[in-house]
Amino acid sequence: MSLNTFGHLFRVTTWGESHGPGLGATVDGCPPGVPVTEDSLQVWLDQRKPGQNKFTTQRREPDQVEIMSGVFEGLSTGTPIQLMIRNTDQRSKDYGDIAEKFRPGHADITYWQKYGIRDYRGGGRSSARETAARVAAGGVARAALAQLVPGLEISGYMVQMGPKAIDRARFDAAEIAKNPFWCPDPQAAEDWAAYLDGLRKSGDSVGALVEVTARGVPAGLGAPVYGKLDTDLAAAMMSINAVKGVEIGEGMAAAALTGAENADEISMGPDGPVFSSNHAGGILGGISTGQELVVRFAVKPTSSILTTRKTITKSGEDAEIITKGRHDPCVGIRAVPVAEAMMACVILDHLLLDRGQTGGIRGRIG
């Protein structure tokens, strides 16, 4: 299988399967001298790891990251950083029934159609377990960004679970870390808990909307046409397992606006341009404006559920299937740390690209 690498100058290659011995990432292009330790990366992995509450898969994985290369005495050397996360709680026997059947809504059937072979133990490479490697790589990106762009802040949170959306008037960033849903609305978090508990007990699942923002991003990142910052952000988020739609800023809602409503008016402030609004999501013409980056994506319901569904076998016979095993009733919950990691990787990549092309030179205003 090819195309397991993303990024231009900051390049991440992930490897491994859900039920193999382990998985990980090779991170190439990290500048030298960046403080990187296993403990500093573990902070981010602990946010994503399974089994932390009843609303996520009960697979118990410590997700302990090991640095195999590219770091000496706590600092990156500028050479490839190899990261490994060992699998310790596989239950491959849970998947015996799907060895010959395809789970509706899952990549089982397309992997078989493309390759003629698939690892049915949890989905192998198509499993969301692969995202642990991205979070580890994102930790490296965050460490580099902390040196290159001090003060840059990346924040992800859920804004909708199934049909239940947050009330933006109650948005409180301090609430995000206080509930298992990364929810900035405390009332919505309570509603989601009861709603998801009912779905979990019935063996069903539900989708979600996740939003991730970045504050303190310098103006000038990205390039016209094929090197757009929003192009790479959209591709990064769409590559996350189960994501089916991505939007930047106002996104799809921009289609309902007039030009007068959508234009983010500009005035001159004491420190440079000031925008009256941010319908553009911090990007114009593929280039960052210096405003907050805003990316939003939709995650489909987990396809591995206990509800009986119709399917077919590899031999083409009609069948029914119930998926056993331990699965997330709302995979959007654990997608939040993954979204933050992908945002960090893309921003660092474009920061390095910009340094290489322009040396950080900017057009003067005022």
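General observations
- Stretch in the chain that is longest and holds no GluC sites (Glu not before Pro) that DSSP places in a loop and that have at most 14 other beta carbons within 10 Å: 101-264
- Taking the chain as a Gaussian network of alpha-carbon nodes connected by springs under 10 Å, the highest mean-square fluctuation of the residues Asp108, Asp318, Asp204 belongs to Asp318.
- Shape call, region 121-166: gyration tensor on alpha carbons, a/c limit 1.5: oblate
- With all protein chains in place and a 1.4 Å probe, the accessible surface of region 132-189 carries 51 percent carbon and sulfur.
- Net charge, Val149 excluded, C-beta distance under 12 Å - Lys, Arg +1, Asp, Glu -1: +1
- Amide H contacts of Val65: none lie under 5 Å away among residues 5 or more positions distant or on a separate chain (H built 1.01 Å from N in the peptide plane; Pro and chain starts excluded).
- Accessible surface of region 293-362 [probe 1.4 Å, protein heavy atoms]: carbon and sulfur percent: 54
- Surface analysis of region 310-358 yields an accessible area of 38 Å² per residue, using protein heavy atoms and a 1.4 Å probe.
- Per-residue ellipticity at 222 nm from helix content only, as computed over the chain with -39500 (n - 2.57) for each DSSP H run of at least four residues, stands at -8500 deg cm²/dmol.
- Solvent-accessible area per residue in region 160-269 equals 50 Å², computed with a 1.4 angstrom probe and all protein chains kept.
- With θ taken as phi - 60° and the Karplus curve 6.51 cos²θ - 1.76 cosθ + 1.60 applied, the whole-hertz 3J(HN,Hα) list for region 349-365 is 4, 6, 5, 5, 4, 5, 4, x, 8, 10, x, x, 5, 10, x, 7, 10 Hz, x standing for glycine and proline.
The values are calculated or read from the model by the stated rules, or taken from the named source; none is laboratory data. Everything numeric here is computed off the predicted structure, so don't read it as measured data. We place every Cβ from the backbone using ideal geometry, glycine too, and count neighbours over all the protein chains shown. Just so you know, the surface numbers come from the protein's heavy atoms only, side chains and all, with ligands and any DNA or RNA stripped out. Shrake-Rupley method; radii C 1.70, N 1.55, O 1.52, S 1.80 Å.
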